[in-house]
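Below is one structure, written out as C-alpha cells; comments come after it.
The values are calculated or read from the model by the stated rules, or taken from the named source; none is laboratory data. Note that the structure is a prediction, hence the values are computed from the model and not measured. Note: ideal-geometry Cβ built from the backbone for every residue, glycine included; neighbour counts use all protein chains shown. Accessible surface is based on the protein model in full, side chains and every heavy atom, while ligands, DNA and RNA are left aside. Shrake-Rupley method; radii C 1.70, N 1.55, O 1.52, S 1.80 Å.
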Amino acid sequence: MNRFSRHFTYSEEPQRNVDEVMHPSITVAFVGNPNCGKTTLFNALTGASLKTANWPGVTVEGKEGFYNFDGHLMELIDLPGTYSLTSYTMEEEVTRSLVFSNEADVIVDVVDASCLERSLYLTLELLALKKPVVVALNMMDIVEKRGIEIDLHRLSETLGAPVIPISARKRQGLKPLMHAVYHHKMTGLDKVQHLHETDDGMSYKHEENVIVYSAELEVAIDAVQEHFEAQYPDVANPRWYAIKELEGDKGILHDFPLGQEALSDMAQGAILAENASFEQRFIMERYNFIQEIIHECVFNNHEVALRTDSADRILTNSWFAIPIFLCIMGFVFFLTFFLGNTCKEWLEAGLDFLNARVGEGLAIVGASDWAISLICDGVISGVGTVVTFLPNICILFFALAFLEDSGYMSRVAYVMDTIMSKLGLSGRAFIPMILGFGCTVPAVLATRTLESKRDKLRVMLVCSFMSCSARLPVYILLAGIFFANYAALVAFGMYFLGIITALLTLLIIHATDAKRSGQGEVDASLLIALPDYKMPDAHSIWMYMWDKVKDYLIRAGTVIFLASIAIWVLLHTGPAGYVEEDFSSSFAGIIGHALAPALAPFGCGDWRLAVALLAGVSAKEVIVSSLSVLFGIAGVAGPLTWHQAFASIGFGPASALGFLTFCLLYVPCIAAIAVIASESKSSKFAVGTIIFNLVVAWVVAVLVYTIARMYLAS
C-alpha cells in the first residue's frame, strides 16, 4: 500500500503542452540518506523552494514536481531521507512504501560523494531490489575542494548502475543525470563487474547480484528462498525477500509469513552464523563489501576524515559538548543584539519620521481624530514596532542557518542522545525541539519522525517551551529596556530556560511512567550519520533567511496588522461607545481587568499586560505591537519612552523577567495549536496541552519573579 503524501509543485521550465503536463512519461523517485542533498537537487530540477538543512527530518513526506527533458515530461518525487530499507521511523516507512511499489520507473539514489562510505549501504539495498537505479554522486564540488578522487568508471562497473557526478547546489551535472535516467529507463540494468570472485560454488551468483555473501549466509538464503517461492510464487525477486526474512524485518514477516519448516531452516542457519544474529551478519558483510569498494574506487579521502574526527573529539566530547553549545548560542545572541540594535535604531528613526509625516498629511486633508489615531497609533505604531526588530531576526536566522549547513546541529542532536535516553527518548527527539527555535509548527510536524505515538505526544507537549523566533521581539524590547548591558544574556537565558523546562517536564513524565511500569532508562539509541563539516553554502543560507524574513513580513502585513487594528478598536470602544481617554472602561479594559489578578503573582497585574498576552495567542509578535497600542506610544519609541510607560504601572526589572518567562512558556500560537490537534488526532490532547502550558508558565513565572525580587527592584 502506498502511504506517502504528495505536495504538488511545478517546474519553472516551459511545458510543451497540456497533454504532457497531464501525462508524464517517466516517474522518478529521489532516495538517499538524510543530508545527502535530495531536496536541493529536487529544488534545482523543479524550481521548488523546499527547505533544506544539514540534519535529518527535514523532508517528512514525499514532495512531487515535474521536469521537462527534451520533450519528455518526468514526474519527480522527493522522498524522506532514510539510512536503509528496514523501516523504523515514519519517514523511512514513507520511502520504503514507494520504493516497494511499482509507481517509480527509475530510482535516483542521491549519494553524498564526500561521505561515500556512509551512503553506499542504502545503495546496495536499492540495487538488490533489481529495479532501475541511477546513482547521483552529489557534492562533487566539495570532493574536488578536498582533493578526493573517485574512479567513476570503476564504481559504475562495481555497482552495475550508472554513476553520474553532480553538484546540486551549483546546478552542475543535472542534464547528464536526467539523460542517464531517461536512457536507463529505456535500456534496463547494467552488467555487474565484481571486485572479486570466490571458489565456494557461488560464482554463478556474481553474474546477477551486486553483493554475494559468505557461504554460510548464502546457504541460509537459498533455503529460505526455496520456501518463499513455494508459498509466494508470484512475488518478484524472492532472494531479496528471503534476506529480509532472515534479517527479521517486521514488515516482511507480517506480510509474508513462512511455515514452520522454513523457520527451522532459519534457526539452523543461525547456528552456522556463529551465534550472531542474521541482521548483524548481513550488516557486517555489507560494510565489508563497501570497504572493498572504497579501497578500489576512492583515493585521498583520509585527510578529511581525520579533520572531522579531530573536531568531533572536542565538539562531541561528553564533558565539553554541552558547554561549547551554550557558548556558541551565547555568542549568537550577542551578535543578534550588538549588531541588530544598531540597524534597529535606523529603522526606528525612519518609521518615526514616516509616522509623523502620515499624521501631518491626514490632518491636512481633514481626517478625523479617531482616523488619525487608528492609522498612526494603531497601524503604524503597532506594525512598525514589530518591523524594527527585523535586523535582529535576520542576524539570528543567519547564525542558525550557518550552524545547520555546516553540520554542527547534527552533532547537537547526537550529543543530546545520552540525556534524552534518560528521559525515555532517543536523541532523535531533540531534533523537533531544536526546530522549535525557529517555529513551533514545523517542530510539531517533525515529531512524525519519532517511532512511537507515546514519544510523539511527549515531544509535542514540550515543543512550545522551545522559544520560537516570534518571541524574540518581546525579549529584545523588554531586555533592552530593563537590562541594557545584559540584554543578550537575558534573551539567551530565556532560550536556555525553555530547554531546561522541556527536559525537566520530560524527566517528570518518564519518572512517573517508569514508577508505574517498573521500567527505568530506555535503550533508544539515536541512529544518525554525522556529516563531515563543510563551509556553508551562501545560497542555502540566503534561502533559509529569506524564507524566515518573508514569513515575518507576511505576519507583519496580515496578522499583526489586523491584530493592531483589533486592539485599537477594543481599546477605543466600550459599553458606553467611543472611548477617548479612560481606556480602562473599554472592552479591552474589561477583559484585561478580569485576567489581571491571575498575573499579579509574577508582577504583571496591570490589565494592559493581560490584554497583550491574550492578543499574543494569535502570534507572539503581536504582544509587542499590542503593548505599543495599549500604552498609547505614538510612533516608534526608544527605550526611555517605553521605560517611562512601564514605570507608570510599577513594572520593573523583576516584573519584566516574570513577563518574559510567562511569554516563553504559555499557550503557543493558534497555528501551532491547530497542528498539535491535527498531528495528535485528538482535540482533547490539544486542549490539555494549552492547560498544561498555562499551569507550567504560571508556576515558573512566579518562581522567577520571586527570586528576581530578592536581587532586583520589582
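Within 10 Å, count the other beta carbons around each residue, average over each peptide in 678-688, 236-246, 107-117, and list them highest first.
Peptide ranking by packing, descending: 107-117, 236-246, 678-688.
Name the residues whose placed amide hydrogens come within less than 5 Å of the amide hydrogen of V134, ignoring near sequence neighbours (fewer than 5 apart) on the same chain.
Close amide H contacts, sequence-distant or interchain: I107, V108, D109.
State in Å² the accessible area per residue of segment 423-479; use a 1.4 Å probe, count heavy atoms of protein chains only, and round to the nearest integer.
17 Å²
State to the nearest 20 debye the size of the charge dipole of segment 402-493 about its Cα centre, where the only charges are +1 on K and R beta carbons and -1 on D and E beta carbons.
Computed about the Cα centre, the dipole is about 340 debye.
Could you give the accessible area per residue of segment 117-163, probe 1.4 Å, as a whole number in Å²?
30 Å²
Quick check: Cα centre of segment 414-472 to Cα centre of segment 658-714, how many Å?
Here the answer is 16 Å between Cα centres.
If you count only protein heavy atoms with a 1.4 Å probe, what accessible area per residue comes out for segment 574-655, rounded to a whole Å²?
37 Å²
Convert each backbone phi in segment 585-601 into a coupling constant with the Karplus relation 6.51 cos²θ - 1.76 cosθ + 1.60 (shift: θ = phi - 60°), then list the ³J(HN,Hα) values in order as whole Hz, x for Gly and Pro.
Residue by residue, segment 585-601 yields 8, 7, 4, 4, x, 4, 5, x, 5, 5, 8, 4, x, 6, 9, 4, x Hz.
Please report Rg (one decimal) and Dmax (integer) in Å for the Cα set of segment 100-170.
Considering segment 100-170 through its Cα atoms, Rg and Dmax are 12.4, 40 Å.
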